[in-house]
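Everything on this sheet refers to the single structure shown next.
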Amino acid sequence: MNWKELYNMQTELDSYIEKNNNIKKEEVFKDKVLALLVELGELANETRCFKFWSNKPRSEKSVILEEYVDGIHFILSLGITKGYYYQGEALPSVDETETELFLRMFTVCDAFYRDQNEYTYDQLWRTYLQLGSALGFSEKDVKHAYLEKNKVNYTRQHEGY
């Protein structure tokens, strides 16, 4: 994955949003952390991996991927705010269930919020990418979906979202 390209695109989007809403990225750090947690919950809801009481099938892969990419936007943005950039190292495979990975993501998000350093940021990425792999997404899937959602985010900004 060309992370530099995604960081550059996210920097442009963040700058556009900040300028149009007269905010500074440092002022909304907490909001971005909460937004990531909300997006993570929305993603889990679409997978239905934890809904042992229900027989309703999970959402279509495209819907789940779009929710997943929403999280990518916020993880990129959080790193930009703090000056941290994921380098994209190879990840070990994991034997965790989707539910276990979601729970680990919530824990890692909290750890990053409490201790905002490069190590916890790296853990945020590693866990999220492992979750994406468990959900069946390739780098190509993620990049394509990010590019598409980035366009949608600009459109929403233009329309006063």
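The values are calculated or read from the model by the stated rules, or taken from the named source; none is laboratory data. Not measured: the values here are computed from a predicted model. Neighbour counts run over all protein chains shown; Cβ positions are idealised from the backbone, glycine included. All accessible areas refer to the heavy atoms of the entire protein, side chains included, with ligands and DNA or RNA removed. Shrake-Rupley method; radii C 1.70, N 1.55, O 1.52, S 1.80 Å.
Computed quantities for the displayed model
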{"quantity": "The stretch 22-53, residues that are open to solvent by less than 70 Å² (accessible area, probe 1.4 Å), charged (D, E, K, R) and in a helix (DSSP H, G or I)", "calculated": "LYS25, LYS32, GLU39, GLU46"}
{"quantity": "Any pair with Cβ under 7 angstrom, 6 or more apart, that starts in the stretch 93-110 at a residue that is polar (S, T, N, Q) and ends at one that is assigned to a loop (DSSP other than H, G, I, E, B)", "calculated": "THR99/CYS49; THR99/PHE50"}
{"quantity": "Subset of the stretch 2-16 (residues that are surrounded by 14 or more Cβ atoms within 10 Å (Cβ to Cβ) and either among the β-branched types (Val, Ile, Thr) or in a loop (DSSP other than H, G, I, E, B) (or both))", "calculated": "THR11"}
{"quantity": "The stretch 59-92: number of residues that are open to solvent by 20 Å² or more (accessible area, probe 1.4 Å), among the small types (Gly, Ala, Ser) and in a helix (DSSP H, G or I)", "calculated": "1"}
{"quantity": "Number of positions in the stretch 102-136 that are of a type in the set (Asp, Glu), open to solvent by 70 Å² or more (accessible area, probe 1.4 Å) and assigned to a helix (DSSP H, G or I)", "calculated": "1"}
{"quantity": "Filter result for the condition that a residue is part of a helix (DSSP H, G or I), free of Cβ contacts under 8 Å to residues at least 12 places away in the same chain, surrounded by fewer than 12 Cβ atoms within 10 Å (Cβ to Cβ) and of a type outside the set (Val, Ile, Thr), over LYS19, LYS56", "calculated": "LYS19"}
{"quantity": "Index of the failed condition, THR155 passing every other in (1) part of a helix (DSSP H, G or I); (2) within 21 Å of ASN2 (Cβ to Cβ); (3) at pLDDT below 95", "calculated": "(2)"}
